[in-house]
Amino acid sequence: MTNKNTFVTIAIPFYNSELFLADAIQSIINQTYKNWELLLINDGCTDSSPEIAQQYSKTDERIKYISDGKNRGLVYRLNESVQVAKGFYYARMDSDDIIAIDRIETQVMYLEQHPDVDIVGSSAMIIDDKNNIIRSADMSGVSTGFIHPTVCGRTDWFRKNKYNENCLRCEDFELWLRTAGCSKFCNIKQPLLFYREFGIPSLKKNLKTHQKQRYVFRRYKRYGKSFTWYIKSAAATYVKDAVYLFFAAIGKTDYLISKRRRKQLPKELWLTERDLAMSLKHT
């Protein structure tokens, strides 16, 4: 059974997320697991996101609003959130995603039943900007990486293994690569996140990610990798760039994103529109 007394910190750094932030927060409020704090970290927003965050912080004492008025970037904010976290466990989430109502309970239970595991992630359902469920992403069997906003682990692990601020857009990839040899990672087959992907924003994100991944690949020796690994890995990102740009040029970006080569979950494991509605319900 899950120890209901284990305190969990959930961190959401956000920047200009007014369209989706309220849904992200509401899905945390609706968790079956109640012993948590939510850190809402404003990264110098210029839209109404801070007002949304502050309103929630006024109505629920578990929600903390943090702002220094500066735009320092996601990686800085992730490391900041770890340092101020009060929870024994630390869970990541993006400001435009939605979590299943049992995400935190499921991950805490898994970590307490598997004390040798440092970080646990999960499979996910992919949604668009209208909250339509598009497809699934099966992460079971993947032990070298995660869908980043699904991760949960012991806070002490994140404090010992900080995100690299030179690796914005692939900070998670670099962290898993750097720590894989001395850590144990697992992914739960059950989808616990509604992960948002759509259109041109995802195109820009992916191009920036590939650029930063090449930065990491060039430093292959520090990760115990070979020159051949570097060449193959870097070449793959250039091919992906070409494919993304071609589909953008013909106006088919959404189609390409819908066809990304992710292993699909069996239909019986898919979260449904009803599950999504439960995450977003207002009591």
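What are the membrane-span-like helices in the chain by this rule: whole DSSP H runs, Cα extent along the axis at least 30 Å, mean Kyte-Doolittle hydropathy at least -1.0?
Both cut-offs are met by 227-249.
With r defined as the distance between the Cβ atoms of ARG62 and THR144 and R0 fixed at 41 Å, what FRET efficiency is calculated, to the nearest 0.05?
0.75
Go through LYS162/LYS212; LYS34/LYS58; LYS184/LYS212; LYS204/LYS263; LYS86/LYS208; LYS58/LYS86 and tell me which ones have a Cα-Cα distance over 28 Å in this structure.
Correct reply: LYS86/LYS208.
Most mobile of ARG218, ARG169, ARG135 per a Gaussian network model of the chain (Cα springs, under 10 Å)?
ARG218
Identify, among TYR215, ALA11, LEU175, the residue whose Cα sits farthest towards the positive end of the charge dipole of the chain, taking +1 on the Cβ of Lys and Arg and -1 on the Cβ of Asp and Glu, with the dipole about the Cα centre.
TYR215
Can you give me the distance in nm between label points at LEU269 and VAL239, each placed 7 Å from the Cα along the Cα-to-Cβ direction?
It is 2.7 nm.
Starting with the highest mean, order 221-231, 106-116, 92-102 by the number of other Cβ atoms within 10 Å, averaged over the residues of each peptide.
Highest to lowest by the protection proxy: 92-102, 106-116, 221-231.
Let me have the relative contact order for the chain, percent, based on Cα pairs under 8 Å that are six or more residues apart.
Here the relative contact order equals 21 percent.
Along Cα→Cβ, 7 Å out, is where each label goes; now give me the distance between the ones at ALA180 and THR283 in nm to one decimal.
4.2 nm
Rounded to two decimals, what ratio of Rg to Rh does the range 107-214 give with C-alpha atoms and a Kirkwood Rh?
Taking Rg over the Kirkwood Rh, I get 0.98.
Pick the calculated Rg and Dmax of the Cα atoms in Å for this structure from (1) 19.4, 68; (2) 18.4, 56; (3) 18.2, 61?
So the structure-derived entry is (2).
Residue farthest toward the positive end of the dipole of the range 1-158, with Cβ of Lys/Arg at +1 and Asp/Glu at -1: which of PRO50, PHE146, ALA85?
Comparing the listed Cα positions along the dipole, ALA85 ranks first.
If the only charges are +1 at each Lys and Arg Cβ and -1 at each Asp and Glu Cβ, what is the size of the charge dipole of the chain around the Cα centre, to the nearest 20 debye?
About 1340 debye.
In terms of the Cα gyration tensor, with a ≥ b ≥ c the square roots of its eigenvalues, is the range 1-113 rounded because a/c is under 1.5, prolate because a/b exceeds b/c, or oblate?
Because a/c hits 1.5 or more and a/b exceeds b/c, the range 1-113 counts as prolate.
Which of ARG178, ARG196, ARG154 moves the most in a Gaussian network model of the chain with Cα springs under 10 Å?
ARG178
Taking neighbour Cβ counts within 10 Å as the exposure measure, how do SER123, SER183, SER143, SER49 sort from fewest upward?
SER143, SER183, SER49, SER123
Every read-out reported here was derived from the displayed coordinates using simple, explicitly stated rules and does not represent laboratory data. Note that the structure is a prediction, hence the values are computed from the model and not measured. Reconstructed Cβ throughout: ideal geometry from the backbone, glycine too, with neighbour counts over all protein chains shown.
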